[in-house]
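Here, each number is a calculation from the coordinates, and none is a lab measurement. Values in this document were obtained by computation on a predicted structure and should not be read as measured data. Virtual Cβ from ideal backbone geometry, glycine too; neighbours counted across all protein chains shown.
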Amino acid sequence: MTSYDIAFIGTGPEPENPVWGESAAMAYRHAAGYEELDNCDLVACSDLVGENARAFAAEFGIPDANTYEDYDEMLAAVEPDVVSVCTPVPTHAPIVIDCAESGHVDAIHCEKPMADTWEASREMATVCDEYDVLLTFNHQRRYGVPAGRIKQLLDDGEIGELQRLELAPGNFFDAGSHLVDLCSYFNDEHRAKWVMGQIDYREENVRYGVHNENQAFVQWRYENGVHAVAYAGFGDELLPCQIRVVGSEGVIELQHIEGPTVRVRRQGETEWRDADADGPDANIPGAVRSVVDALETGEESMLRAENALTVTEILFGAYESVRQRGRVDTPLEIDDNPIVSLVEAGEIVPEQTED
Ligand SMILES: NC(=O)c1ccc[n+]([C@@H]2O[C@H](COP(=O)([O-])OP(=O)(O)OC[C@H]3O[C@@H](n4cnc5c(N)ncnc54)[C@H](O)[C@@H]3O)[C@@H](O)[C@H]2O)c1
């Protein structure tokens, strides 16, 4: 068994009360995943805030001498095999590219969403390909019990042919990234053929360094004819579950407000059935394990950049549809983040919120 030296960029502050929020200190969650693996040694960490890096090192038994404020210094001194990148979204691409170009790294496991622009998302994938570096994104919900159960029900033909996916994320970019990724998983990684959307963005909502709208209504069609529709930012008013999976012979629902974790109803049945999917929804150890396994075996990881690009094309495609006031066909031929450009051009003016 090969053993791997793991390093972290962006440790986050010490999470006294871990919550999913603006500072989730995701590196702590990645680290807990690597710690479970016999073939991983946590060797170094870096954070712009030295105190954060030192607290992280103390927590995970990393020598104080291997804590850095400058990640380039860390890469040169430690030459890690795997780097977890857990910094704000606009920094993902430059950091991932620096890691790949350092020539020391075999795999990079980066937090989601991929990047703040469509160009940066493509570029990080291209550079990692050039340097033969495995690049993956932490869409860890694929490894959660509920998502695995839904995929199994679909693969077993429980609801016939997949026809439509409906989803209700809190916002389309940050939270939507996870749910659109699950749709990719359920629909066998097919790319979108077109995307059409509208947003309302009246109150500034910058999450992890990127503007996120307040409400969005997005529709897209995959290459294989499956349709999807997202109602973002509406709570449970339009869709009382997180994802509804509609097939030719039945329906599956994830996290219905009144139902079990996953429920299924076949055509002709009057009652919903509990699909027995209680268990963690977010599985970061599972995601981390899959990345290390992919490195070890050379097999493809479900979390690979190619799959993340499929998701990101839908996210930015929706925003491009807002700018174009029409349907956007793929491949998406833009470089920027249309929401950011529209805000910078003064065409959308969200009201500033107080800190
Ligand atoms: N997978 C998930 O479910 C999930 C949940 C929450 C957040 N996230 C993502 O995780 C990422 C990090 O979020 P978080 O909540 O852990 O952030 P955080 O604020 O807790 O930690 C980020 C750390 O990065 C450091 N940093 C910023 N720029 C840096 C640089 N150039 N070099 C080194 N360190 C730098 C900051 O000092 C900070 O300590 C974001 O991309 C976010 O979207 C994912």
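At a Förster distance of 45 Å, what's the computed FRET efficiency of GLN198 paired with ASN39, Cβ-Cβ distance as r, to 0.05? After rounding to 0.05, the efficiency reads 0.40. The amide H of GLU213, built 1.01 Å from its N in the peptide plane, has PHE172, PHE173 as neighbours under 5 Å, considering only residues 5 or more places off or on other chains.
Output the peptides 90-101, 236-247 sorted from most to least packed, where packing is the average of other Cβ atoms within 10 Å over each peptide's residues. Mind dumping the intermediate values first?
Values: 90-101: 21.0, 236-247: 18.7.
Answer by packing, highest mean first, reads 90-101, 236-247.
Put simply, the convex hull of the Cα atoms in the range 105-229 casts, on average, a shadow of 8.9 nm².
Calculate the translational D of the range 205-355 in whole µm² s⁻¹ from Stokes-Einstein, where the hydrodynamic radius comes from the Kirkwood formula applied to all Cα pairs, the temperature is 20 °C and the viscosity 1.002 mPa s. If you can, show how the numbers build up before the last one.
Details: Rh = 18.8 Å.
For the chosen part, D equals 114 µm²/s.
Amide H to amide H distances under 5 Å link GLY250 with GLN267, where only residues 5 or more positions off or on other chains count and H is placed in the peptide plane. Taking θ as phi - 60° and the Karplus parameters 6.51, -1.76 and 1.60, the scalar couplings of the range 299-314 work out to 6, 5, 8, 4, 8, 5, 4, 4, 5, 5, 5, 4, 5, 5, 5, 6 Hz in sequence order, x denoting glycine and proline.
At 25 °C and 0.890 mPa s, what whole-number value in µm²/s does Stokes-Einstein give for the translational diffusion of the chain, with Rh from the Kirkwood sum over Cα pairs? Can you show the working numbers first?
Details: Rh = 21.0 Å.
After rounding, the answer is 117 µm²/s.
On a C-alpha basis, how far is the centre of the range 88-163 from the centre of the range 26-50 in Å? Whole number, if you could? Result: 18 Å between the Cα centres. Rounded to the nearest whole Hz, the Karplus-based 3J(HN,Hα) values (6.51 cos²θ - 1.76 cosθ + 1.60, θ = phi - 60°) of the range 122-134 follow the sequence 5, 5, 5, 5, 5, 5, 5, 4, 4, 8, 6, 9, 6, with x at glycine and proline.
Between the alpha-carbon centres of the range 273-351 and the range 172-193 there is a gap of 6 Å.
With the simple model of a label 7 Å out from the Cα in the direction of the Cβ, GLU16 to ALA32 spans 1.8 nm. Cα convex hull, the range 1-81: 87 Å³ per residue, rounded to a whole number.
In sequence order, the range 270-278 has phi-based couplings of 9, 10, 6, 10, 5, 8, 6, 10, 6 Hz under the Karplus curve 6.51 cos²θ - 1.76 cosθ + 1.60, θ = phi - 60°, and Gly or Pro positions carry x. The mean of 1/r over all distinct Cα pairs in the range 69-111, once inverted, gives the Kirkwood hydrodynamic radius of 10.3 Å.
What is the percent of Cα-Cα separations in the range 46-140 that go past 19 Å? Can you show the working numbers first?
Details: 1791 of 4465 pairs.
Tail of the P(r) past 19 Å holds 40 percent of the pairs.
Could you give the semi-axes, largest first, of the ellipsoid that matches the range 173-281, computed as the square roots of 5 times the alpha carbon gyration tensor eigenvalues and rounded to whole Å? Working shown, then result.
Numbers: eigenvalues 137, 63, 34 Å².
Ellipsoid half-lengths, sorted descending, are 26, 18, 13 Å.
Peptide packing: for 107-116, 75-84, 322-331, the average count of neighbouring Cβ atoms within 10 Å per residue gives the ranking 107-116, 75-84, 322-331, highest mean first.
Peptides 157-165, 259-267 ranked from most to least packed by the mean count of surrounding Cβ atoms within 10 Å: 259-267, 157-165. Amide hydrogen proximity for CYS40: with H placed 1.01 Å from N in the peptide plane, the residues at 5 or more positions away or on another chain lying under 5 Å are TYR4.
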